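See structure below.
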Amino acid sequence: MVNSSIYPVKAEVKSLNFYYGQVHALKNINLQIPEKKVVALIGPSGCGKTTLLRCFNRMHDLYPGHTYSGEIVLHPDEVNVLSKDVDPIEVRMRISMVFQKPNPFPKSIYENVAYGLRVRGIRRRSILDEHVERALRSAALWDEVKDRLHSMAFNLSGGQQQRLCIARALAIDPELILFDEPTSALDPIATAKIEELTNELKKEVSIIIVTHNMQQAARISDYTAFMYMGELIEYDETGKIFTKPSKKLTEEYITGHFG
Amino acid sequence: MDRVDHIVRRSRFFDAFFAVVGGLILVAVLIVLFVLIGDLFYRGFDRINWQFLTSFPSRFAERAGILSALVGSILVLIVTAVCSIPLGIAAGLYLEEYAPKNRLTALIEINISNLASVPSIIYGLMALGLFVYKLNLGQSILAAGLTLGLLVLPIVIVTTREAIRSVPQHIREAAFAVGATKWQVVRDHVLPYSSGGIMTGVIIALSRAIGETAPLVTIGALTFISFLPSPPLTPEPPFISFKWLMDPFAVLPIQMFNWISRPQEGFHVNAAAVGVVILIITLGMNAAAILIRWRFRRRIKW
């Protein structure tokens, strides 16, 4: 299951188990996330793909009764982000996230992007300006908003808001970005723009994307992990998963027999 | 089985019946309210003039005024605001954002709601024992302000929590996801986005405090006072004085109660006039609350 062709490795999930209280939501997951590639997590609703994604930036720590065992090791410094000794704040400064629904803050476009820098105590205008512009350019939003950086983020369209959220996630120079079904609330044109964007972004940063949409996974990812009932069924190059999967279950899912 | 048109006609009848009955009850209640307020204004409004607002109480109805009661109400309200607003917001914030959700916090939450419905006279009795005698504050503005502060604290806590709860979880997650600490999330997001609701709650709590009578009677508010508390500003250094906190006081609703219980007709007119003043202050504060809420709603949409 572990693919030896994945190199260099950005993150490594080692025998990860996760519990929502008594519910065993992730069962012994082992997975290698390659550097500067796009990994798609697919599977039917409730299979644990979003749960797995939210382990990477310790989002589960925000709620009581959530417990992990196992490791997620981040390379090159081999930090286990799930370790009790590692502050989740530090993890989230290295691994950022884009959510299912665009969720900009009710602040200006500029302040939305700058927020990740502000929480680090960066106040110098020139540094903020530079990072904000770079992040907005990387998110392919700069040309649309450069004349109204100080107007409210809510005035943007849904697709623009989601790209703003991507810029917010990029501004902190993350090593890994987690996308949690980023296009499920967007129309096809906005979706196409975001997909195009992930292609550009992977030149700079590693990406994990959860998606409900198998065509999307096939279009944009380099590797695909198929999950079912909290288990990782198959993980391989996207081309292989969608043409000749090695597991019967994977084949049934991608051919639409269930899901 | 009934024919469909019969079923529909019967359903329609109940539908219309309920709308008519509900509407009538609403109109009846509103009429009573307007008659009460109208009566108060009719009898008291003409009495309100500069002399009335700037005179001390007097044995003669036409020379009497509400200066000491008005100043007393304002000073008591300041003390109430200073002690209940920070405490109430902090408590609401803690319960909503920080406190673990367990039996103890559930118990605390239930009891805060219970406190909001405790009769105000009970607060007065407790204040008499605690503030006036135990802490030896006497029958002072400070004791009165603390009493009303306690009385409205549950209201501030409950409305603060409601306002905080209206900030969607995905906004908090977005802030956490870029590495914000809990305090940064609270300071930069939760508080700013809920401040409209919090301010509304605070104003409504204070407008409740201004009309409270019973607890202040028990701790000994005066009904006839012909001097003002010591001034808060002094000509000599350090220029600010807190002596007024320990001074005796009167408040508007007690002044009204005192006048209404006198036999002379002139004092009844005065009482109606105080009633109008209290109403104007309360309605003004509520209008401010509505305005604030409206402005915040317009700026933030989730």
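The values are calculated or read from the model by the stated rules, or taken from the named source; none is laboratory data. All figures in this text were calculated on a predicted structure; none of them were measured in a lab. Cβ placement follows ideal geometry from the backbone for every residue including glycine, while neighbour counts extend to all protein chains displayed. We work out accessible area using only protein heavy atoms, side chains counted, and drop any ligands, DNA or RNA first. Shrake-Rupley method; radii C 1.70, N 1.55, O 1.52, S 1.80 Å.
Tabulated values for the structure
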item: Any hit, the range B:96-107, residues being in the same structural domain as B:Pro248 (by TED's automatic domain parsing), over 22 Å from the mean Cα position of the chain (by Cα) and surrounded by 17 or more Cβ atoms within 10 Å (Cβ to Cβ); result: yes
item: Selection status of B:Val156, modelled with pLDDT under 90, part of a helix (DSSP H, G or I) and away from every other protein chain (no Cβ under 14 Å); result: no
item: Scan of the range B:163-195 for residues that are assigned to a helix (DSSP H, G or I), under 25 Å from A:Asp87 (Cα atoms) and open to solvent by 10 Å² or more (accessible area, probe 1.4 Å), ordered by number; result: B:Gln169, B:His170, B:Arg172, B:Glu173, B:Phe176, B:Lys182, B:Trp183, B:Gln184, B:Arg187, B:Asp188, B:Leu191
item: In the range B:133-153, the residues that are open to solvent by 10 Å² or more (accessible area, probe 1.4 Å) and either of a type in the set (Val, Ile, Thr) or in a loop (DSSP other than H, G, I, E, B) (or both); result: B:Leu135, B:Asn136, B:Leu137, B:Gly138, B:Gln139
item: Residue satisfying condition, being more than 15 Å from the chain's Cα centre (by Cα), open to solvent by less than 10 Å² (accessible area, probe 1.4 Å), within 13 Å of chain B (Cβ to nearest Cβ) and under 27 Å from A:Lys107 (Cβ atoms), within set A:Ala167, A:Ala185, A:Ala153; result: A:Ala153
item: Options B:Phe249, B:Phe257, B:Phe224: the member that is aromatic (Phe, Trp, Tyr) and modelled with pLDDT under 80; result: B:Phe224
item: Residue check, A:Ala140 in contact with a Lys or Arg (Cβ under 8 Å, 6 or more places away or on another chain) and open to solvent by 10 Å² or more (accessible area, probe 1.4 Å); result: yes
item: Matching entry among A:Lys14, A:Lys10 (being surrounded by fewer than 20 Cβ atoms within 10 Å (Cβ to Cβ) and assigned to a strand (DSSP E or B)); result: A:Lys14
item: Unique match (being of a type in the set (Asp, Glu), more than 9 Å from every other protein chain (Cβ to nearest Cβ) and closer than 20 Å to A:Glu204 by Cα) among A:Glu130, A:Glu111, A:Glu144; result: A:Glu130
item: Any hit, the range B:75-82, residues being outside any helix (DSSP H, G or I) and either within 26 Å of B:Pro215 (Cα to Cα) or out of contact with any Lys or Arg (no Cβ under 9 Å at 6 or more places or on another chain) (or both); result: no
item: Output for the range B:95-145, where each listed residue is under 29 Å from B:Phe242 (Cβ atoms) and either of a type outside the set (A, V, I, L, M, F, W, C) or within 14 Å of chain A (Cβ to nearest Cβ) (or both); result: B:Ser120, B:Tyr123, B:Gly124, B:Gly129, B:Tyr133, B:Lys134, B:Asn136, B:Gly138, B:Gln139, B:Ser140, B:Gly145
item: Lone unmet requirement of (1) touching a residue at least 60 places away in the same chain (Cβ under 8 Å); (2) in contact with a Phe, Trp or Tyr (Cβ under 8 Å, 6 or more places away or on another chain); (3) assigned to a helix (DSSP H, G or I) for A:Val132; result: (1)
item: Number of positions in the range A:82-108 that are more than 7 Å from every other protein chain (Cβ to nearest Cβ), open to solvent by 10 Å² or more (accessible area, probe 1.4 Å) and part of a loop (DSSP other than H, G, I, E, B); result: 9
item: Any hit, the range B:273-292, residues being within 25 Å of B:Pro57 (Cα to Cα), outside any helix (DSSP H, G or I) and without any contact (Cβ under 8 Å) to a residue 60 or more places away in the chain; result: no
item: Residue match in the range B:86-97 (condition: part of a helix (DSSP H, G or I) and more than 26 Å from B:Thr147 (Cβ to Cβ)); result: yes
item: Residue in the range B:290-299 that is in contact with a helix residue (DSSP H, G or I) (Cβ under 7 Å, 6 or more places away or on another chain), among the charged types (D, E, K, R) and open to solvent by less than 40 Å² (accessible area, probe 1.4 Å) present; result: no
item: Single unsatisfied condition, B:Leu233 versus (1) open to solvent by 20 Å² or more (accessible area, probe 1.4 Å); (2) in contact with a helix residue (DSSP H, G or I) (Cβ under 7 Å, 6 or more places away or on another chain); result: (2)
item: Filter result (free of Cβ contacts under 8 Å to residues at least 60 places away in the same chain and of a type in the set (Phe, Trp, Tyr)) within the range B:98-146; result: B:Tyr133
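Here's the yes/no breakdown for (1) open to solvent by 30 Å² or more (accessible area, probe 1.4 Å); (2) away from chain B (no Cβ under 14 Å); (3) in contact (Cβ under 8 Å) with a residue 24 or more places away in the chain:
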residue	(1), (2), (3)
A:Ile172	no, no, yes
A:Asp180	no, no, yes
A:Thr198	no, yes, yes
A:Ala218	yes, yes, yes
